[in-house]
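Take a look at the structure set out below.
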Amino acid sequence: MPLRPADLTRRKQAGLPITVLTAWDALSAAVVAGAGVDAVLVGDSLAMAVLGHATTLPVTLEEMLHHCRAAGRGLAAAAPNGSPLLICDLPFLTYQCGLEEALAAAGRVLKETPAVAVKLEGAEPETLAVIDRMVRSGIPVMGHLGLTPQSVHQLGYRRQAGDPVSQERLRRRALALQEAGCFALVLEHIPAELATELSLRLAIPVIGIGAGDGCDGQVRVTADLLGLTSRQPPFSPPLVDGRAIAGEALGRWVREQRAPAAPPAAPPTRPASPAAPHC
């Protein structure tokens with residue numbers, strides 16, 4: 001059985017750290033599952049890491065469904081007896097245009113992919129109403145505050161909640177998301193002290209990214225950790241230089257294929273047969 005949202009809560013209650021990595025297809029999902037991760041997020045970061053967009057905004061619901069199905073197949077093959085919790089991001093403008101549209105989009109994720117939960121950004125009154133409707137309809141929802149990439153044109157990619165007023169606003173929003181029924185909350189690129197405080201204050205798991213080590217767990221974009229993206233955020237340095245490693249290995253193969261073939265070896269000469277004796 002795959003993990004369920006309640007399993008993350010039990011990990012928090014037991015004081016066990018929660019690990020979350022992103023995946024975008026069957027191959028990446030199998031790799032992160034093999035690493036023993038607790039949850040896999042098919043994040044809209046695939047718009048940038050995989051599809052080549054400058055932001056997460058252009059990715060569509062159909063593309064998210066396509067990649068989530070592929071990731072699900074990778075998890076099923078890599079961990080058939082206990083796969084990680086699979087969560088799918090709802091892309092921009094799938095949950096901001098009314099309750100019915102949002103519910104339909106989230107419902108498609110659960111009906112058409114192996115994901116068991118969705119993630120969305122923000123805690124505006126309209127978003128809270130959407131989350132409440134989804135949760136009451138049986139759809140588990142993970143929240144996301146701090147640096148919210150779908151608000152890049154308003155917030156940019158800078159650190160959030162740097163002053164007392166914005167920190168108090170984030171506290172209120174985090175509590176509102178818990179009250180609305182979110183099973184977990186991602187806090188991105190905010191002061192570590194604030195993230196630690198909320199991890200202790202909230203009953204739901206708090207998953208940090210660029211929010212210090214005091215959270216209940218951590219989430220990272222797998223392509224960033226593997227050094228596959230051209231630029232990594234400052235709070236997610238690569239563990240290996242994946243682009244260089246892969247480029248060198250593939251380049252060596254290309255050079256080997258282009259090298260002139262060695263001339264074939266001459267066949268061995270057979271010794272002459274001794275002359276037959278005269279009678």
- Task: Check Ala180, Ala123 and return the single one that is among the small types (Gly, Ala, Ser), over 15 Å from Thr56 (Cβ atoms) and buried (at least 21 other Cβ atoms within 10 Å of the Cβ).
- Result: Ala123
- Message: Take the conditions in a loop (DSSP other than H, G, I, E, B), at positive phi and among the aliphatic types (A, V, I, L, M) and apply them to Leu16. Does it pass?
- Response: no
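Being of a type outside the set (Phe, Trp, Tyr) and at pLDDT 95 or above is the filter here, so list the residues in segment 77-96 that pass it.
First pass over segment 77-96, keeping only residues of a type outside the set (Phe, Trp, Tyr): 77-91, 93-94, 96.
Across segment 77-96, the qualifying residues are Pro84, Leu85, Leu86, Ile87, Cys88, Asp89, Leu90, Pro91, Leu93, Thr94, Gln96.
Please go through segment 33-51 and give me each residue that is assigned to a helix (DSSP H, G or I), under 16 Å from Ala78 (Cβ atoms) and touching a Gly at 6+ places or on another chain (Cβ under 9 Å), ordered by number. Steps first, please.
First, the residues of segment 33-51 that are assigned to a helix (DSSP H, G or I): 33-34, 46-49.
Okay, now just the ones that are also under 16 Å from Ala78 (Cβ atoms), so 33-34.
Correct list: Ala33 only.
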- Task: Scan segment 179-233 for residues that are assigned to a loop (DSSP other than H, G, I, E, B), in contact with a strand residue (DSSP E or B) (Cβ under 6 Å, 6 or more places away or on another chain) and farther than 21 Å from Tyr157 by Cα and jot them down.
- Result: Cys182, Ile204, Pro205, Asp216
- Message: Of the conditions (1) aliphatic (A, V, I, L, M); (2) out of contact with any Leu (no Cβ under 7 Å at 6 or more places or on another chain); (3) closer than 25 Å to Arg4 by Cβ, Val219 satisfies every one except a single condition; which number is it?
- Response: (2)
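Residue by residue, here is whether (1) within 20 Å of Glu112 (Cα to Cα); (2) in contact with a Pro (Cβ under 9 Å, 6 or more places away or on another chain); (3) crowded, with 18+ Cβ neighbours inside 10 Å; (4) among the charged types (D, E, K, R) holds:
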site: Ile18; (1), (2), (3), (4): no, yes, yes, no
site: Ala23; (1), (2), (3), (4): yes, no, yes, no
site: Val31; (1), (2), (3), (4): no, no, no, no
site: Gly36; (1), (2), (3), (4): no, yes, no, no
site: Leu41; (1), (2), (3), (4): yes, no, yes, no
site: Ala49; (1), (2), (3), (4): no, no, yes, no
site: Gly52; (1), (2), (3), (4): no, no, no, no
site: Thr55; (1), (2), (3), (4): no, yes, no, no
site: Pro58; (1), (2), (3), (4): no, yes, no, no
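The values are calculated or read from the model by the stated rules, or taken from the named source; none is laboratory data. Model, not experiment: these values are computed from the prediction. Reconstructed Cβ throughout: ideal geometry from the backbone, glycine too, with neighbour counts over all protein chains shown.
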